[in-house]
Amino acid sequence: MAPRLAAGARQPGPRLPGVATVQSAGGDNRVLTVPNVLSGVRLLCVPVFLWLLFGHHPHNRYGAGVLLGVLGVTDWVDGYVARHFHQVSTLGKVLDPMADRLLIGTAVIAILVDGAVPTVVGVLALVREVLVAAAALGLALAGARRIDVQWAGKAGTFGLMVAFPLFLVGHSTAGWRHAAEALGWVTAVPALCLSYYAAITYVPLARRALLEGREARS
């Protein structure tokens with residue numbers, strides 16, 4: 001006699017021969033989603049940003065600033081779409097922060113080289129990005145489970161993606177460059193505070209992820 005199913009349990013559907021059923025833990029295995037496409041676009045636009053900033057003589061700081069600002073907006077848009085239209089995916093949870101780290105890291109270094117950003121702002125942002133990237137790599141090598149992005153980290157990243165374009169515009173020939181410079185400072189200070197606050201809150205989360213990863217392996 002075949003075993004009876006528990007109350008409320010569903011009969012598993014038929015499987016094709018030789019095809020395993022894949023179940024995702026904490027995410028959807030879809031690849032082609034709007035948030036993932038936006039994250040891919042951000043990655044592809046990194047060389048375009050560098051070309052605008054260094055490929056022209058004199059440097060096209062205004063164009064580079066506008067592009068960087070648009071890319072910063074897409075970072076917020078893809079998160080909104082993923083949450084409100086149920087397009088959160090396992091790939092997106094990896095691709096989105098990777099695109100953020102690469103874009104903002106490249107932007108910080110490039111704008112520091114260009115001299116458009118105040119050194120203290122650029123160095124603090126760069127140090128934070130290096131620490132986060134090193135910690136993420138170390139945890140992955142140690143077998144920790146993946147840590148979801150926290151709201152403070154996303155808010156800090158978004159703030160910096162607004163501040164750096166404003167600093168670029170502030171060093172361009174735009175008529176509102178002085179206002180842009182002031183707005184850059186107003187945006188950069190709270191963004192840096194949120195970024196470092198997020199880095200601190202990741203410490204207990206990282207310890208827990210490392211323990212859970214080791215328990216899962218054992």
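Summary of computed values
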item	result
Filter result for the condition that a residue is closer than 18 Å to GLY72 by Cα and either assigned to a loop (DSSP other than H, G, I, E, B) or modelled with pLDDT of 85 or more (or both), over ALA198, ALA125	ALA125
Top-ranked residue of segment 65-78 - restricted to ones that are surrounded by 19 or more Cβ atoms within 10 Å (Cβ to Cβ) and of a type in the set (Gly, Ala, Ser), ranked as modelled with the lowest pLDDT	GLY72
Residues of segment 168-195 classified as farther than 24 Å from SER39 by Cβ, part of a helix (DSSP H, G or I) and open to solvent by less than 20 Å² (accessible area, probe 1.4 Å), total	4
Hey, GLY79 farther than 23 Å from TRP185 by Cβ and under 12 Å from the mean Cα position of the chain (by Cα) or not	yes
Within segment 115-128, considering residues that are of a type outside the set (S, T, N, Q) and open to solvent by 20 Å² or more (accessible area, probe 1.4 Å), the one nearest to HIS59 (Cα to Cα)	GLY115
Candidates GLY105, GLY115 - the one that is without any contact (Cβ under 8 Å) to a residue 60 or more places away in the chain and more than 15 Å from the chain's Cα centre (by Cα)	GLY115
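The values are calculated or read from the model by the stated rules, or taken from the named source; none is laboratory data. It should be emphasised that the depicted structure is a prediction, and the values quoted were computed from it without experimental measurement. Counting neighbours? That spans all protein chains shown, and the Cβs are built from the backbone with ideal geometry, glycine included. These area figures cover heavy atoms from the full protein model, side chains too; ligands, DNA and RNA do not enter into them. Shrake-Rupley method; radii C 1.70, N 1.55, O 1.52, S 1.80 Å.
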